[in-house]
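Below you'll find the structure, written out as structure tokens, and then a few comments.
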Amino acid sequence: MSALIVLGLIALAVLGAPLFSVLGGMGIHNFSSSGTDLVVLSEEHYKLATNPHLVTIPLFTLAGFLMAESRAADRLVRVSRALLGWLPGGLGIVVIASCAFFTTFTGASGVTIIALGGLLHPILLKERYPEKFSLGLITSSGSIGLLFPPSLPIILYGIVAGTSIDDLFVAGVLPGLLFLLVLGVFCLWVGRKHAVENTPFDLGEARRALWAAKWELLVPVVVLIGIYGVPGLTTGLVTIGEASAICAIYLLIIEVFVYRDITLWTPVPGKPSLAKVIRESLVMVGAIMLILGVAMGLTNYLIQERVPMILLDAIRGYIEDRFTFLIVLTIFLLIVGCLMDIFSAIIVVVPLIIPISAEYGIHPVHLGIIFLANLEIGYLTPPVGMNLFISSLAFGRPVVQLYRMTLPFLLLMLAALLIITFNEDLSLAAVRWLRPDSP
């Protein structure tokens, strides 16, 4: 009977049942089978509700939706083009920079592809970039900003893993810049090879573009200086929770009252209302909270039954050294990133790999960067990487064509991933410099 219930829950998941219902069903079944009172599931929700970092999720999500629903994308692309468009292949770098900035705040690569793809794709073609390169670049750049603060996946990982979110914010910067550098160099090479048109540098246009987008460009400055201060001058002024509130209020004022891209009450053509933006952001937050609550209940059961330790004992029989474990972990996480969205993967997989990774001497902050970098690439991994299907729908191309278009970008990002994975200092150097008291 127990096996039939498990098979039934797996079948529901395959048929598209909401993830929270499948995880909740598994938790109820497992605790009931072991004779544990089901009140433990409610206790996990209570622990979640009292987590001091929980408030950052709805606030940073609201900030991301405010940017996504406004005309921030247009202003950011204009700035990037004015400053970088003169380089050979400069428009490709503009795509990477714009997508990275946008994804950092929206936390969702699909939103970036939809919001920026329709704007950037015609411009790339107009300046004689090959169509295969253009679609591959936009698809690949959709998730490129997930390692930069205040990325929502970083916050969620910190909550689930019990790892310092402040340290994760700092640790993700250099690995994130490595991804940008690798793709940027490729864009320069393509630009030279195909003799694409460049945008001559115009100091006046650069000033106008910077001035038009000045309030949005200040967002990361406000957040990071608020949390960490200025090295050598001041320490951090606010906690990460307070910084998330400042960020959300700041963007609300900017998008509603300064730029007026979002109306306060009644929507008008091309301008959503603030109520609509808040409602959409809360739907996403509610989904994350439901999944997080039931998944932590299931995780409690797995820990109670010593499942991570059983897995560790099984792995030890085949994997003896840290190098081999990291290779296996990379392959596993790429498969996970291909099959699951990043929020579900963090909630379900992280509690299982943390104790195993600790046995192989992997620093918990470095593990977080490895995990998020793998899932960032998982969006591009065939056969079912999420970005591939979103681009297929957005640009009306068969997904098999996008496999070929994104392959060069996927290989370059995999090379960068291996550098990140096997070079712990790339993740931890900035943490040790900015936060010398961190373990």
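Please treat every number below as a calculation from the coordinates, not as lab data. Please read all numbers here as calculations on a predicted model, not as lab measurements. Positions of Cβ are generated from backbone atoms using ideal geometry, with glycine treated the same way; all protein chains shown enter the neighbour counts.
How big is region 337-394 along each principal axis, measuring the range of its Cα positions in Å and listing the largest first?
That gives 42, 17, 16 Å along the principal axes, largest extent first.
When the label point is put 7 Å from the Cα of ALA287 along its Cα-to-beta-carbon vector, which residues of region 377-398 have a backbone N closer than 17 Å?
Once the point is set 7 Å along Cα→Cβ of ALA287, 379, 385-391, 393-394 turn out to lie under 17 Å by backbone N, inside region 377-398.
When the Karplus curve 6.51 cos²θ - 1.76 cosθ + 1.60 is applied with θ = phi - 60°, which whole-Hz ³J(HN,Hα) does each residue of region 205-221 get, with x for Gly and Pro?
Karplus values, whole Hz, x for Gly and Pro: 5, 4, 5, 5, 5, 4, 5, 5, 9, 4, 5, 6, 5, 7, 4, x, 5.
Report, to one decimal in Å, the Kirkwood hydrodynamic radius for region 304-400 based on all distinct Cα pairs. Walk me through the intermediate numbers first.
Details: mean 1/r = 0.0690 Å⁻¹.
Radius from the Kirkwood sum: 14.5 Å.
Semi-axes of the equivalent ellipsoid for region 358-439, please: Cα gyration tensor eigenvalues, times 5, square-rooted, ordered largest first, whole Å. Present the calculation step by step, with values, prior to reporting the outcome.
Details: eigenvalues 222, 27, 24 Å².
Over the Cα atoms of region 358-439, the ellipsoid semi-axes are 33, 12, 11 Å.
Taking K and R as +1 and D and E as -1, what net charge do the other residues with C-beta under 14 Å from the C-beta of GLY89 add up to? Write down the numbers at each step before the final one.
Details: positive: ARG81, ARG128, ARG192, LYS193; negative: GLU127, GLU197.
Net local charge, GLY89 excluded: +2.
Starting with the highest mean, order 165-173, 181-189 by the number of other Cβ atoms within 10 Å, averaged over the residues of each peptide. Don't skip to the answer; put the middle values down first.
Numbers: 165-173: 24.7, 181-189: 17.8.
Put in order of decreasing packing, that is 165-173, 181-189.
Taking a spot 7 Å from the Cα of VAL328 along the direction of its beta carbon, which residues of region 342-385 have an amide N less than 12 Å from it?
356-357, 360
With N residues in region 135-220, what two-decimal value do you get for its Cα radius of gyration over 2.2 N^0.38 Å? Could you put the intermediate results ahead of the total?
On the way: Rg = 17.0 Å, N = 86, 2.2 N^0.38 = 12.0 Å.
Against the empirical 2.2 N^0.38 Å value, I get 1.42 for region 135-220.
Hull surface divided by four, with the convex hull built on the Cα atoms of region 56-191: how many nm²? Intermediate values should be presented prior to the final figure.
Numbers: hull surface 31.2 nm².
Its Cα hull, projected and averaged over all orientations, spans 7.8 nm².
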